[in-house]
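The values are calculated or read from the model by the stated rules, or taken from the named source; none is laboratory data. Values in this document were obtained by computation on a predicted structure and should not be read as measured data. Methodologically, a virtual Cβ is constructed for each residue, glycine included, from the backbone with ideal geometry; neighbour enumeration extends over all protein chains shown. SASA here: full protein model, heavy atoms, side chains in, ligands and nucleic acids out. Shrake-Rupley method; radii C 1.70, N 1.55, O 1.52, S 1.80 Å.
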Amino acid sequence: MGEPKFPLPFLLFIFVLSLNLFHGVKSQPGFELETWRPRSSENNTNPMPWQEEDEEAEVEREDGEEEDVQSKKTFRQTCDYSVGKWVFDPSYPLYDASCPYISGRVSCRKNGRPDSVYEKWRWKPQGCSITRFNALAFLGKMRRKRIMLVGDSIMRNQWESLVCLVDAVIPKERKTVSYHGISMAFHALDFEASIEFSWAPLLVELKLGGPNGRILDLDSIEGNAKYWKGVDILVFDSAHWWTHTGSGRSWDYYMEGGRLFKNLNPMVAYEKGLSTWAKWVDLNLDPRRTRVIFRSVSPKHNRQNGQKCYNQHEPVRRPSYTPHVPPQLVVVRGVLRSMRFPVYLLDISEMSMYRKDGHPSVFTWPIKEQQRAPLDHYASDCSHWCLPGVPDAWNEILYASIM
């Protein structure tokens, strides 16, 4: 007997019917198939490779956006932002010099500085570019998050810059500033975000009022660190205070292991203090929940060999000037290499060395027109930075590392 032959339309009908039967459950309203996922057997405690990957992704979705989880890969840069040049850009600055959050001592235009060209230089890294700071994009990224800048008055300088960079896009009634102990915070209410500053110029504790006077405890940090917990992005800085000498030094003794020292090499002490900070970060922070950034030392231009900052109007030109590597930067790099926690080094030292024109110099307080000449004998601040100015470029690199 010959094999039965079925007409082509009949075969097509059977094929379509089988597809509908196969997918029919999924098409019923109010009924969803449970997502199938391979599971390891009860006796096998090691998850299957795909299970481990799925569970990790599931944790990331529960904790927040995947990109908010920090790893060493997160901060791997395709470009070295620290090497480049300053280019004149008439579209700068990124905010007005009347920003109300700028401290009086760095409000150079308000204090009578006659030139403003120092506000119009943009940092251009070698071989790549930095995305222009976008306040709304930054605030969107920071929604329901806290970023805290921790350090000395130059870090406060950078905090004021960051607040001014976002201030203009927030309605007056939707922002506020709060204070808590050694910390202060700018709140963008509609974004439930805060940009905070915490005073800790040495990171470790400076203890005052004891029988031995002022003691810099190289082993103790918790008094400052209690303000850092629960923050999503921490940006640290500590450098200048470690090199203070004589009457400018804020302590009488160092203490390590319960022993007091009158004198210690500043960079040895700096390394010991940073190592205490590094241990705290390694033991107390979770890289899946917190990003940590360390900003390198900001240079001073107050030497007598032609680098004083008064009456300077433009950046130092390469290659006539070769910046030296600050010893603090060498120490920081060594400490960061020793850590388990992935810390991103925001290296602003070389780029800032070219900017001896960016300091307040004598314009740290209001100077009237009739007082302007001669001014070279006035006390000159060649450590802090006029705003708008150089710290805005630091924050554009910070923005690039976060976004």
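Annotations for the structure displayed:
- Restricting the range 79-112 to residues that are closer than 28 Å to residue 366 by Cα and outside any loop (DSSP other than H, G, I, E, B), the residue that is least open to solvent (accessible area, probe 1.4 Å): 106
- Matching residues in the range 287-311 - criterion: being closer than 25 Å to residue 333 by Cα, modelled with pLDDT under 95 and of a type in the set (Phe, Trp, Tyr): none
- Residue list for the range 336-352, restricted to those being open to solvent by 10 Å² or more (accessible area, probe 1.4 Å) and outside any loop (DSSP other than H, G, I, E, B): 336, 337, 343, 344, 345, 350
- Residues of the range 113-140 satisfying the condition of being surrounded by fewer than 16 Cβ atoms within 10 Å (Cβ to Cβ), among the polar types (S, T, N, Q) and closer than 12 Å to residue 403 by Cβ: 131
- Scanning the range 263-299 for residues that are open to solvent by less than 10 Å² (accessible area, probe 1.4 Å) and assigned to a loop (DSSP other than H, G, I, E, B) gives 296, 298.
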